[in-house]
Amino acid sequence: MESSIFFEENLGHSKDIKIVRHPKRILYQGRTRYAEVIIAEGNFGEKEIYIDRILQSSTRDEFIYHEALTHPAITRFSPRKVLILGGGEGAVAREVLKHPVERVNMVEIDREFVDLVKRYVPEMPRNALEDSRFNLHIADAWDFVKDASDRWDIAIVDVTEPEGPARRLYTREFYEMLGKITNNVNVFAGELDGLFEGGYQARYISTIRSVFPYILVGTIYVPSFLTSIIIVLASKDPIPSPTFPTIPTRMYDEEADMHIFSLPKHVREKVYQIRLPFTLKDLAEY
């Protein structure tokens with residue numbers, strides 16, 4: 001149906017700049033157990049996924065941050081077993097499975113959301129969710145990590161902002177549990193502007209670093225968000241140099257890797273500062 005809905009959201013963490021989105025057509029609108037989900041057609045023919053009326057992904061440019069969230073880690077750690085926390089669109093799994101990994105476990109709390117993406121936006125996960133190496137676990141990430149007895153070579157963390165129950169996924173306690181089942185993580189750490197506008201990002205990076213002390217912080221601009229995002233590569237061991245296999249990508253290659261991790265001075269000063277970590281007694285706020 002033709003859309004008469006306008007979506008309004010803050011530009012990143014700005015309190016005085018608003019983005020107004022007006023998609024061309026609504027393909028689906030409804031509620032899962034956890035959130036309102038809207039899937040829309042944009043004005044360039046792209047498909048957009050909104051959760052609680054905030055844009056989460058667009059087929060126009062989702063490849064930018066999903067490639068940034070996977071390939072820099074895999075080119076450095078060459079994992080065989082990969083754990084994905086969140087990532088319900090299936091796009092992180094899609095990128096991971098381009099590599100010769102043996103097993104991918106994805107932990108997503110909202111099965112209805114995964115099914116909606118498969119129905120309305122199948123071009124985002126493509127065939128990743130049917131790959132024989134892929135395993136989907138419908139569970140809360142906290143509970144899954146707490147109870148896990150297996151180990152993974154790397155965990156990729158792509159969870160929602162620190163609101164509601166997700167706030168505990170931003171704590172030192174969570175990363176201590178995660179550190180028992182892996183030595184390496186790659187984390188989507190929010191919007192770059194939050195570093196300078198009182199957001200959670202700087203302390204979140206320190207929270208990760210309090211458990212995984214070797215870190216590499218990068219940023220990349222995502223046009224649909226009108227801002228850059230932050231990724232954090234972190235390890236208990238020194239991070240090795242990347243090796244670049246020949247895989248099909250749209251954004252990522254050797255030159256892009258250099259760009260992602262080449263931060264200007266004022267950003268480096270923020271992301272590499274040591275701050276108090278978030279804890280269960282001192283939770284992050286979005």
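The values are calculated or read from the model by the stated rules, or taken from the named source; none is laboratory data. Keep in mind that what you see is a predicted model, and the values were worked out from it rather than measured. Counting neighbours? That spans all protein chains shown, and the Cβs are built from the backbone with ideal geometry, glycine included.
Worth pointing out:
- Residue match in region 258-277 (condition: among the acidic types (D, E) and in a loop (DSSP other than H, G, I, E, B)): no
- Unique match (being exposed (fewer than 15 other Cβ atoms within 10 Å of the Cβ) and at pLDDT 95 or above) among L263, L233, L276: L276
- From the list T249, T243, T182, T279, the lone residue that is closer than 23 Å to R60 by Cα and in contact (Cβ under 8 Å) with a residue 12 or more places away in the chain is T249.
- P245 vs. criteria over 20 Å from I220 (Cα atoms) and either touching a helix residue (DSSP H, G or I) at 6+ places or on another chain (Cβ under 6 Å) or surrounded by 15 or more Cβ atoms within 10 Å (Cβ to Cβ) (or both): no
- Matching residues in region 184-205 - criterion: being outside any loop (DSSP other than H, G, I, E, B) and out of contact with any Leu (no Cβ under 7 Å at 6 or more places or on another chain): N184, V187, A189, G190, E191, L192, D193, G194, L195, Y204, I205
- Filter pass, F278 being outside the structural domain of P223 (by TED's automatic domain parsing), of a type outside the set (V, I, T) and under 24 Å from Y200 (Cβ atoms): yes
- Considering residues of region 51-97 that are assigned to a loop (DSSP other than H, G, I, E, B) and in contact with a Pro (Cβ under 7 Å, 6 or more places away or on another chain) only, the residue surrounded by the fewest Cβ atoms within 10 Å (Cβ to Cβ): D61
- Filter pass, G12 being of a type outside the set (A, V, I, L, M), in contact with a Ser or Thr (Cβ under 9 Å, 6 or more places away or on another chain) and either part of a strand (DSSP E or B) or under 20 Å from T227 (Cβ atoms) (or both): yes
- Verdict on T182 being within 20 Å of A73 (Cα to Cα), in contact with a strand residue (DSSP E or B) (Cβ under 8 Å, 6 or more places away or on another chain) and surrounded by 22 or more Cβ atoms within 10 Å (Cβ to Cβ): yes
- Scanning region 31-50 for residues that are part of a strand (DSSP E or B) and either charged (D, E, K, R) or over 23 Å from the mean Cα position of the chain (by Cα) (or both) yields R31, E36, E41, K47, E48.
- Search result, residues across region 143-167 that are part of a helix (DSSP H, G or I), out of contact with any helix residue (DSSP H, G or I) (no Cβ under 6 Å at 6 or more places or on another chain) and crowded, with 17+ Cβ neighbours inside 10 Å: F144, A166, R167
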